[in-house]
Amino acid sequence: MKVLYTDNNNSTIRINVYASTTINEKDARGKMHHALMGGKIVTANCACIGNKEEPANSEEMGKRSIGSRRATNGVAHMVDRVLTPVQRTLAEHIASHPRLSKFRALLAAHGGKNGPAESLLKALESEKETLTLFAPTDKAFDKLTEEQNEDLFKGKSCTPSILEHHVVGRTLCSAAIPQIQDYIALATTRQGENLRLEWLEGEAGQWVLTIKGSNEQSDKITVTDIDIVATNGVMHLVDSILFPVSARQINQALQDSNLTVFASYLENADMMHDMENFTLFAPTNEAMMKWLKDEDMDEDASALSEEVQDRVKDILKFHLATPMDMFGFGWDKATVQCANILSADKSSCNNVIHVIDRVLIPPSGNIFETISSNPSYSILTKILKGTKLEKELTESNGVNGYTLLAPDDDALGRLEKDQLDGLLEDKKVAERILSTHVIPGVMCCSSVKNPTPWPFTRQQLVNTLAWDVILAVHRDHKGHIHFDREPVGRGTKVTKCDMAATNGIIHTVNRLIIS
């Protein structure tokens, strides 16, 4: 960028040079190629200096832009608009513009001495800076709810980050962005995230400059006024607030990620507004709909009875945890309460979101309490009662919890009568056999690897509490999981996965594991 001083009271003309695109064609403005000025796009106070195309003959001299022309006493540059004197900084433009009263008030609320936006306000005032400001108009603030506006002015909505997201640390004139279909220019804001700028053809062939944040954000914001030149940069007016991904409110972040059913339940439970400094595990719409169907509940949360809403709120609270950016780069597969984490570390203001593939149900007790309270395991409960395993599954969390392969009443009911009586009456026999059903550590169904191509089988070996028994686990080509005695034994199939307890996980199996 070069500054020229004019004869008009030393008002400035700011010359900006932009690298041209690889598109060697005219854009929608017609008179400008994008291989200009020796492969550059050059502007003077954001007016585009014409191309180097020479007229074919003197008759065409008045019809075609001739760009720069040397004369015996200087040089003439053809520009696409009249240049007006530039005498105000960006801060002065904000202070005097009639449509920026709310933006002006927001800057004043946070940009005072020792305020969180003090450095930004000083940059907008300084003539040593070179900035581009996308200034939201009063109508942009009117689009927000009263509550959202209040949060912005009180600083509860990551306001300093939002303000910094409206400023790019260089001069970006509209002429630098080609009016070519599907051409997108990226500009990095002071906040650190990118803006995606694109010209769209509107009604009657009119082109409109638009801005979009990340790929997650679907809405495009319109630039209503372009190229308001200042002594320290340029200002464009926009019709909506630019929210960076990391400063989105939790409801907006959920909407952008298409987690709308979960969002509606949080909203109905009045949990959305005060959510701050949390890690949120958010089930997909598909996971929520499956859960609602299984529980015979309405998709409309407000239609639920008060009693059901209270129970649902407890389940929703179980999806909130203390802050943690768990993954970052390099993670492959992770689970929470055995739900697969599909995507991690989605940002919102003071929160982080991990998308999961099922609804998390709070454990009702330890492993023994969980099976003893479930009528499907009444026989297993009687067998375990009075064994050392009962105490282990009740009192101990183990180093990393336990995984119990729990045969239900249907499975145990198929045993011969003398076998079942032996388990019920001889606690040592019961303890020895059922120890093969307890795996140290939590083993979710999702941790069992997919099979190799038929006819081969991929096996994983796991230890059990029976010190001399190792189980081989594999997933068949239909997706079913099987546990077998190693080296030989009868296949035991998992019929229900991942019932959570406070000290581990329970899988229902279709038979007792015996040699």
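In sequence order, the range 125-136 has phi-based couplings of 8, 7, 7, 7, 8, 10, 10, 10, 10, 9, 8, x Hz under the Karplus curve 6.51 cos²θ - 1.76 cosθ + 1.60, θ = phi - 60°, and Gly or Pro positions carry x. Along the range 197-202 the Karplus relation, 6.51 cos²θ - 1.76 cosθ + 1.60 evaluated at θ = phi - 60°, assigns HN-Hα couplings of 9, 8, 7, 10, 7, x Hz to successive residues, with x for each Gly and Pro. Could you work out what % of the accessible surface of the range 85-225 is carbon and sulfur, using a 1.4 angstrom probe and leaving DNA, RNA and ligands out of the count? That fraction is 46 percent. Under 5 Å from the amide H of ASP225 lie the amide H atoms of LEU237, each residue being 5 or more positions distant or on a separate chain, with H modelled from the backbone and absent for Pro and chain starts. By the rule of a second cysteine Cβ within less than 4.7 angstrom, the chain holds isolated cysteines at CYS48. Note that the range 103-114 has calculated 3J(HN,Hα) couplings of 5, 4, 5, 5, 4, 5, 5, 10, x, x, 4, 6 Hz, one per residue in order, obtained from phi through the Karplus relation 6.51 cos²θ - 1.76 cosθ + 1.60 (θ = phi - 60°); glycine and proline are x.
Roughly speaking, to the nearest percent, how much of the range 364-505's 1.4 Å accessible area is carbon and sulfur?
Carbon-and-sulfur percentage of accessible area, whole number: 52.
Distance between the modelled labels on LEU83 and LEU424, one decimal in nanometres: 10.0 nm (7 Å Cα→Cβ projection).
With the whole protein complex present, THR6 retains an accessible surface near 30 Å², based on a 1.4 Å probe. From the alpha carbon centroid of the range 336-356 to that of the range 120-166 is 28 Å. Largest to smallest in accessible area, the residues LYS143, LYS156, LYS428 fall in the order LYS428, LYS143, LYS156 (1.4 Å probe, all protein chains included). Per residue, the chain exposes an accessible area of 51 Å² to a 1.4 Å probe, with every protein chain left in place.
Classify the range 236-354 from the C-alpha gyration tensor, please: rounded if a/c falls under 1.5, else prolate or oblate depending on whether a/b exceeds b/c.
oblate
Dividing the summed helix terms, -39500 (n - 2.57) for each DSSP H run of n ≥ 4, by the number of residues in the chain produces a 222 nm estimate of -6500 deg cm²/dmol to the nearest 500. Accessible-area rank, largest first, for THR188, THR43: THR188, THR43, with all protein chains present and a 1.4 angstrom probe. On full extension of the chain, what length is gained from LEU200 through SER446, given 0.36 nm per residue of separation minus the C-alpha to C-alpha distance? Between LEU200 and SER446, full extension yields an extra 84.0 nm.
Would you please classify the overall shape of the range 67-187 from the alpha carbon gyration tensor, given that a ≥ b ≥ c denote the square roots of the eigenvalues, rounded means a/c under 1.5, and beyond that prolate means a/b larger than b/c while oblate covers the rest? Prolate, since a/c reaches 1.5 and a/b exceeds b/c.
Among the listed pairs LYS122/LYS154; LYS293/LYS478; LYS220/LYS313; LYS156/LYS220, a Cα-Cα separation exceeding 28 Å is found for LYS220/LYS313. Amide H contacts for ILE505 (H built 1.01 Å from N in the peptide plane; partners 5 or more residues away or on another chain; cut-off under 5 Å): TYR402, THR403, LEU404.
Let me make sure I get this right: for the chain, a, b and c are the square roots of the gyration tensor eigenvalues over alpha carbons, sorted descending. Under 1.5 in a/c it's rounded, otherwise prolate if a/b > b/c, else oblate. Which is it? Please report the intermediate quantities before stating the final value.
Numbers: a/c = 3.73, a/b = 2.59, b/c = 1.44.
Prolate, because a/c is 1.5 or more and a/b exceeds b/c.
Ignoring lysines fewer than eight residues from LYS427 along the same chain, the ones with Cα atoms less than 30 angstrom from its Cα are LYS382, LYS385, LYS388, LYS391, LYS417, LYS493, LYS496.
Charges on Cβ only, +1 for Lys and Arg, -1 for Asp and Glu, centred on the Cα centroid of the chain; of PRO178, THR381, LEU471, which one is farthest towards the dipole's positive end? In the chain, that residue is PRO178. Compute the helix-to-body angle for 306-317: its Cα long axis versus the longest principal axis of the chain, expressed 0 to 90° and rounded to tens. Relative to the chain, helix 306-317 is tipped by roughly 80 degrees. Spin-label model, SER378 to ALA109: label points 7 Å out along the Cα-to-beta-carbon direction sit 6.3 nm apart.
The values are calculated or read from the model by the stated rules, or taken from the named source; none is laboratory data. Values in this document were obtained by computation on a predicted structure and should not be read as measured data. Methodologically, a virtual Cβ is constructed for each residue, glycine included, from the backbone with ideal geometry; neighbour enumeration extends over all protein chains shown. For the accessible areas, the whole protein counts, side chains as well, though only heavy atoms, and no ligand, DNA or RNA atoms are used. Shrake-Rupley method; radii C 1.70, N 1.55, O 1.52, S 1.80 Å.
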